[in-house]
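Colleague: First, the structure itself, so that you have it in front of you.
The values are calculated or read from the model by the stated rules, or taken from the named source; none is laboratory data. Quick caveat: nothing in here was measured; it's all calculated off a predicted structure. Here the Cβ positions follow ideal geometry from the backbone for every residue, glycine too, while neighbour counts run over all protein chains shown. What goes into the accessible areas is simple: the full protein's heavy atoms, side chains included, and nothing from ligands, DNA or RNA. Shrake-Rupley method; radii C 1.70, N 1.55, O 1.52, S 1.80 Å.
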Amino acid sequence: MHPSPLTRFLLLGLLTAGPALAANLPKPDADNGGLTLPAGFRALVVADKLKPLRNLVVADNGDLYIKTRQAGIIALRDTDGDGRADQTEEFGEGGGTGIAIHNGWLYHSTDSAIYRYKLTPGQLVPAGPAERIVRDLPNKRQHSAKVFAFGADGQLYVEVGSPSNALGQPDRAKGAVGQDPTEFLKTHGGYWRFDPDKPDQTQADGHHVSTGHRHSTTIALNPVSKKLFIAIHGRDQLNTVAPQFYSEEDNAENPAEVLHVLEEGADFGWPTTYWDPRAKQRKLNPEYGGDGKKLAPAGKFPDPLVAFPAHWSPMQLAFYSGTQFPEKYRGGAFLAFQGSWNRAPKPQRGYNVTFIPFNKSGFPVGTFEVFADGFSGAKDLASPGDAKHRPNGVAVGPDGSLYVSDATAGRVWRIIYTGENR
Amino acid sequence: MRALLLVLATLSLVACHRREPEPAPTSAEKSATTPPSAPAPVAATAETPPPPASGGATVASADGEQLFQQNCATCHMADGSGVPFLQPSIRGSAWISNENPQLLLSLILRGSAVLGEAAQAYENDMAPFDHLSDVEIAALATRVRERFGQPPPSKPVTPDEVAIARSRPGLP
């Protein structure tokens, strides 16, 4: 029996109406797209076999914009409401990592600049050319991703990483000797603030907000505390640089990946120190006289708000602003980890999306749990090249669904809460 | 019931990823108990290294495997597969497969700086390993050629060849 014209009209109305109601959730994939999720959660593959993907953002109408690591921006639209992308477009070029929508503009970053496109309501692909907002940021390949976010003040906060492990000479080599970081840190290892509307600013035009980090590929504004939170990638190769002090296991479990609040004038302690997650202490790096036991000077650098296992590689952070997920998740944050390489010869770990609870004041309570797992296709990997997928981007859609992008095989998942007991 | 399941699932996940790895034997223990041709316990899923070459290369190869694990496997992985975008795979590398070892030796001694533009393809730089002795680098290069050359060069690398590479600037 065919639906009457009136029924068809009503169905069409449901499909094209704004944010989907919970009752309108798409049908999940039987295998949840390969993911393992907490009870009541399901997942579906929105798109697959795109290019290696970085961060993503969801527009108010549900359109997805995803950075590719080495090419343009991929735009995805679901035109028939089944949750799967029917329209795939790619525009722009230059690769990169960061992407966000702000005041009707789509901002994105290459490894040396920030650009924006004016979005036209209803149109998937921006009509006009990109406008360059910040140019000529340092790019020496290593740690060159430039993530950014907009603060509560509406200003643009941009990361510039440190093209270095621990500023050793020679860096990453046995016996590396730490160099004086003063000059280096004037243009690296910090966050800079820019005017989001002024074209062609340089790093020197920006305000230097924070210093002393190695690389941060995570920055997001908490809507309650109005604070920007960042995650920082810890150093590599403690046992390569100082095998007399660090075993393979010491290196595999040190140092922590850390979550901090971004405050004016903050110094996060790199390159001279690192956070030992097992001892819960800040220690001196071996390049700067550390021996695995010596502590950093007390009170000089902030303790992390959350410490994650070493080498997991924190990528995009998204606060859960929706109501589709149960109460527990509301106001908390999801953080995608692309997984380790520097735990070798120990098994590689951390290819997952974690959930980080935040309190009523908009600060993390200090714990985390793995939320979505199974991306790599194996419990323990010898090499990250063996991973089927590596989560990178995470973003919340207008109906409260959580979207995740894949740094390896170009898959995009949508995670929904159905409440069904499987 | 659903809440209980959620808690249990969460606990098991937390318990799982917080689990401390079992202590590994030290390098000394490993070399004392494990024949050099056997795959290391953690490399069980990687390809099995071929047995060391016969004849004069045997002693050098035994050291070479340990030197590879200590100096190279961290970045290039125990199976040589590298890390996407960061460090290249070394399996079948033309520099490693070349019968003449001088390019490989120059790379080991001076790091990726000798690659010039070619190094731009990956994000991380390779450090120089000139702190290793001629004998150590000869053993390391011999082992790397055996494991990752396609086809593996037939001759072991000698300390004299390392000394030649060390004595001249840049690439041969």
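Colleague: Tell me the residue from B:Leu104, B:Leu109, B:Leu67, B:Leu115 that is at pLDDT 90 or above, assigned to a helix (DSSP H, G or I), over 27 Å from A:Gln244 (Cβ atoms) and more than 10 Å from chain A (Cβ to nearest Cβ), please. Quick ask: steps written out before the conclusion?
Modeller: Numbers: B:Leu109 fails: over 27 Å from A:Gln244 (Cβ atoms); B:Leu67 fails: over 27 Å from A:Gln244 (Cβ atoms); B:Leu115 fails: at pLDDT 90 or above.
Just one listed residue meets the conditions, B:Leu104.
Colleague: A further question follows. For B:Ala127, state whether it is touching a residue at least 60 places away in the same chain (Cβ under 8 Å) and crowded, with 19+ Cβ neighbours inside 10 Å.
Modeller: Working: touching a residue at least 60 places away in the same chain (Cβ under 8 Å): no; crowded, with 19+ Cβ neighbours inside 10 Å: yes.
No; evaluated as a whole, the condition is false for this residue.
Colleague: Regarding A:His213, is this residue touching a strand residue (DSSP E or B) at 6+ places or on another chain (Cβ under 8 Å), part of a loop (DSSP other than H, G, I, E, B) and within 30 Å of A:Pro364 (Cα to Cα)?
Modeller: Working: touching a strand residue (DSSP E or B) at 6+ places or on another chain (Cβ under 8 Å): yes; part of a loop (DSSP other than H, G, I, E, B): yes; within 30 Å of A:Pro364 (Cα to Cα): yes.
So A:His213 passes the test.
Colleague: For the condition of a type in the set (D, E, K, R), within 13 Å of another protein chain (Cβ to nearest Cβ), open to solvent by 10 Å² or more (accessible area, probe 1.4 Å) and within 29 Å of A:Leu56 (Cβ to Cβ), what is the one hit in A:Asp205, A:Asp236, A:Asp250? So that I can check it myself, show each step before the final result.
Modeller: On the way: A:Asp205 fails: within 13 Å of another protein chain (Cβ to nearest Cβ); A:Asp250 fails: within 29 Å of A:Leu56 (Cβ to Cβ).
Answer to the check: A:Asp236.
Colleague: Might you let me know whether segment A:392-404 holds any residue that is open to solvent by less than 30 Å² (accessible area, probe 1.4 Å), in contact with a strand residue (DSSP E or B) (Cβ under 8 Å, 6 or more places away or on another chain) and within 14 Å of another protein chain (Cβ to nearest Cβ)?
Modeller: yes
Colleague: Suppose we filter segment A:117-149 for residues that are closer than 17 Å to A:Arg193 by Cβ, surrounded by 19 or more Cβ atoms within 10 Å (Cβ to Cβ) and away from chain B (no Cβ under 14 Å); how many remain?
Modeller: Adding up the residues that qualify gives 6.
Colleague: Any residue in segment A:181-191 that is open to solvent by 30 Å² or more (accessible area, probe 1.4 Å), on the phi < 0 side of the Ramachandran plot and in a strand (DSSP E or B)?
Modeller: Kept after step one, since they are open to solvent by 30 Å² or more (accessible area, probe 1.4 Å), are these residues of segment A:181-191: A:182-184, A:186-187.
Checking which are on the phi < 0 side of the Ramachandran plot leaves us with A:182-184, A:186-187.
Subsequent filtering for residues that are in a strand (DSSP E or B) retains none.
Scanning segment A:181-191 turns up no residue that is open to solvent by 30 Å² or more (accessible area, probe 1.4 Å), on the phi < 0 side of the Ramachandran plot and in a strand (DSSP E or B).
Colleague: Sort out which residues of segment A:152-167 are open to solvent by less than 10 Å² (accessible area, probe 1.4 Å) and either more than 23 Å from B:Thr74 (Cα to Cα) or part of a strand (DSSP E or B) (or both), and write them in order of number. Before the answer, list the steps.
Modeller: Of all residues in segment A:152-167, those open to solvent by less than 10 Å² (accessible area, probe 1.4 Å) come to A:156, A:158-162, A:164-166.
Within segment A:152-167, A:Leu156, A:Val158, A:Glu159, A:Val160 qualify.
Colleague: Counting just the residues of segment A:61-87 that are under 25 Å from A:Trp105 (Cβ atoms) and over 20 Å from the mean Cα position of the chain (by Cα), which one comes out least open to solvent (accessible area, probe 1.4 Å)?
Modeller: At the first step, the residues of segment A:61-87 found to be under 25 Å from A:Trp105 (Cβ atoms) are A:61-79, A:85, A:87.
Filter once more, so that each one left must be over 20 Å from the mean Cα position of the chain (by Cα): A:61, A:77-79, A:85, A:87.
Numbers: A:Asn61: 94, A:Arg77: 49, A:Asp78: 56, A:Thr79: 90, A:Ala85: 27, A:Gln87: 61 Å².
Looking at residues that are under 25 Å from A:Trp105 (Cβ atoms) and over 20 Å from the mean Cα position of the chain (by Cα), I get A:Ala85.
Colleague: Which of the residues spanning segment B:130-160 are free of Cβ contacts under 8 Å to residues at least 40 places away in the same chain, part of a loop (DSSP other than H, G, I, E, B) and in contact with a helix residue (DSSP H, G or I) (Cβ under 9 Å, 6 or more places away or on another chain)?
Modeller: B:Asp130, B:Ser133, B:Thr158
Colleague: So which residues in segment A:123-148 are free of Cβ contacts under 8 Å to residues at least 60 places away in the same chain and in contact with a Gly (Cβ under 7 Å, 6 or more places away or on another chain), if there are any at all? Lay out the reasoning, then the answer.
Modeller: The initial filter retains those residues of segment A:123-148 that are free of Cβ contacts under 8 Å to residues at least 60 places away in the same chain, namely A:123, A:125-130, A:139-142, A:144, A:146.
Once the filter is applied, which keeps residues that are free of Cβ contacts under 8 Å to residues at least 60 places away in the same chain and in contact with a Gly (Cβ under 7 Å, 6 or more places away or on another chain), segment A:123-148 yields A:Ala130, A:Ser144, A:Lys146.
Colleague: Further, regarding this structure: Quick one: in segment A:164-175, which of the residues that are within 9 Å of another protein chain (Cβ to nearest Cβ) and at pLDDT 95 or above is nearest to A:Ala204 (Cα to Cα)?
Modeller: Applying the first criterion (within 9 Å of another protein chain (Cβ to nearest Cβ)) to segment A:164-175 yields A:165, A:168, A:170-175.
Filter again for at pLDDT 95 or above, leaving A:165, A:168.
Details: A:Asn165: 24, A:Gly168: 26 Å.
Once the filter is applied, the top-ranked residue is A:Asn165.
Colleague: A:Gly290 versus (1) more than 21 Å from the chain's Cα centre (by Cα); (2) open to solvent by 10 Å² or more (accessible area, probe 1.4 Å): which is the lone unmet condition?
Modeller: Condition (2) is where A:Gly290 drops out.
Colleague: Additional query: Does segment B:73-92 hold any residues that are crowded, with 21+ Cβ neighbours inside 10 Å, more than 10 Å from every other protein chain (Cβ to nearest Cβ) and not β-branched (Val, Ile, Thr), and which are they?
Modeller: Result: B:Pro88, single match.
Colleague: Follow-up question, since we're still on this one. Counting only residues that are within 14 Å of chain B (Cβ to nearest Cβ) and in a loop (DSSP other than H, G, I, E, B), which one in segment A:44-60 is surrounded by the fewest Cβ atoms within 10 Å (Cβ to Cβ)? It would help to see each step written out before you state the result.
Modeller: Filtering segment A:44-60 for residues within 14 Å of chain B (Cβ to nearest Cβ) gives A:51-54.
Next, only the ones that are in a loop (DSSP other than H, G, I, E, B) stay: A:51-52.
Working: A:Lys51: 18, A:Pro52: 20.
Ranking the qualifying residues of segment A:44-60, first place goes to A:Lys51.
Colleague: How many residues are more than 30 Å from B:Cys72 (Cβ to Cβ) and in contact with a Lys or Arg (Cβ under 9 Å, 6 or more places away or on another chain) if we restrict to segment A:204-252?
Modeller: In the first step, residues of segment A:204-252 are kept if they are more than 30 Å from B:Cys72 (Cβ to Cβ); the result is A:204-212, A:218-230.
Next, from what is left, pick out any that are in contact with a Lys or Arg (Cβ under 9 Å, 6 or more places away or on another chain): A:205-209, A:211, A:221, A:224.
Matching residues across segment A:204-252 total 8.
Colleague: Search segment A:23-43 for residues being assigned to a loop (DSSP other than H, G, I, E, B) and more than 14 Å from chain B (Cβ to nearest Cβ), and hand back the single one that is nearest to A:Pro326 (Cα to Cα).
Modeller: Within segment A:23-43, the first condition is being assigned to a loop (DSSP other than H, G, I, E, B), and the residues that meet it are A:25-31, A:35, A:37-40.
Then keep just the ones that are more than 14 Å from chain B (Cβ to nearest Cβ); that gives A:25-31.
On the way: A:Leu25: 15, A:Pro26: 18, A:Lys27: 19, A:Pro28: 18, A:Asp29: 21, A:Ala30: 22, A:Asp31: 22 Å.
Across segment A:23-43, the extreme among qualifying residues is A:Leu25.
Colleague: Quick check on this structure: which one of A:Ser361, A:Ser376 is over 21 Å from the mean Cα position of the chain (by Cα), in a loop (DSSP other than H, G, I, E, B), small (Gly, Ala, Ser) and more than 30 Å from A:Lys174 (Cβ to Cβ)? Spell out the reasoning first.
Modeller: On the way: A:Ser376 fails: over 21 Å from the mean Cα position of the chain (by Cα).
It is A:Ser361.
Colleague: Moving to a separate point now. Within segment A:307-323, which residues are over 20 Å from A:Ser405 (Cα atoms) and either more than 14 Å from every other protein chain (Cβ to nearest Cβ) or of a type in the set (Ser, Thr, Tyr) (or both)?
Modeller: Applying the first criterion (over 20 Å from A:Ser405 (Cα atoms)) to segment A:307-323 yields A:307-310, A:323.
Selection gives A:Thr323 alone.
Colleague: Under 7 Å by Cβ, and 6 or more places apart or on different chains, what pairs join a residue from segment A:108-122 that is closer than 18 Å to A:Tyr191 by Cβ with one that is polar (S, T, N, Q)?
Modeller: Listed by first residue and then by second, the contacts come to A:Ser109/A:Thr97; A:Asp111/A:Asn139; A:Asp111/A:Ser144; A:Ser112/A:Asn139.
Colleague: A further question follows. Considering only segment A:221-325, give the strands (runs of 3 or more DSSP E) lying wholly within it that have at least 3 residues that are among the aliphatic types (A, V, I, L, M).
Modeller: Numbers: elements: A:228-233, A:257-261, A:273-276, A:281-284, A:306-308, A:314-319.
Strands (runs of 3 or more DSSP E) meeting the threshold: A:228-233, A:257-261, A:314-319.
Colleague: Scanning segment A:329-378 for residues that are among the charged types (D, E, K, R), in contact (Cβ under 8 Å) with a residue 12 or more places away in the chain and more than 8 Å from chain B (Cβ to nearest Cβ), which turns out most open to solvent (accessible area, probe 1.4 Å)?
Modeller: Our first condition is that a residue be among the charged types (D, E, K, R); within segment A:329-378, this holds for A:330, A:343, A:346, A:349, A:360, A:369, A:373.
When the remaining residues are screened for being in contact (Cβ under 8 Å) with a residue 12 or more places away in the chain, the result is A:343, A:346, A:349, A:360, A:369, A:373.
Now restrict to residues that are more than 8 Å from chain B (Cβ to nearest Cβ): A:343, A:360.
Values: A:Arg343: 7, A:Lys360: 181 Å².
Selected residue: A:Lys360.
Colleague: Still on this structure: If I filter segment A:379-405 down to residues being of a type in the set (Ser, Thr, Tyr) and outside any strand (DSSP E or B), which single residue comes out as modelled with the lowest pLDDT? Talk me through it step by step, then tell me what you get.
Modeller: From segment A:379-405, those of a type in the set (Ser, Thr, Tyr) are A:383, A:401, A:403, A:405; that's our starting set.
This time we only want the ones that are outside any strand (DSSP E or B), so: A:383, A:401.
Details: A:Ser383: 92, A:Ser401: 98.
Here the answer is A:Ser383.
Colleague: Continuing with this model, one more query. Yes or no: segment A:279-286 includes at least one residue that is over 30 Å from B:Gln66 (Cβ atoms), among the polar types (S, T, N, Q), open to solvent by 10 Å² or more (accessible area, probe 1.4 Å) and in contact (Cβ under 8 Å) with a residue 12 or more places away in the chain.
Modeller: Of segment A:279-286, the ones over 30 Å from B:Gln66 (Cβ atoms) are A:280-282.
In the following step, the residues that additionally are among the polar types (S, T, N, Q) were identified as A:281.
Now narrow it down to the ones that are open to solvent by 10 Å² or more (accessible area, probe 1.4 Å): A:281.
Restricting the remaining residues to those that are in contact (Cβ under 8 Å) with a residue 12 or more places away in the chain gives A:281.
So far as segment A:279-286 goes, yes, one or more of its residues are over 30 Å from B:Gln66 (Cβ atoms), among the polar types (S, T, N, Q), open to solvent by 10 Å² or more (accessible area, probe 1.4 Å) and in contact (Cβ under 8 Å) with a residue 12 or more places away in the chain.
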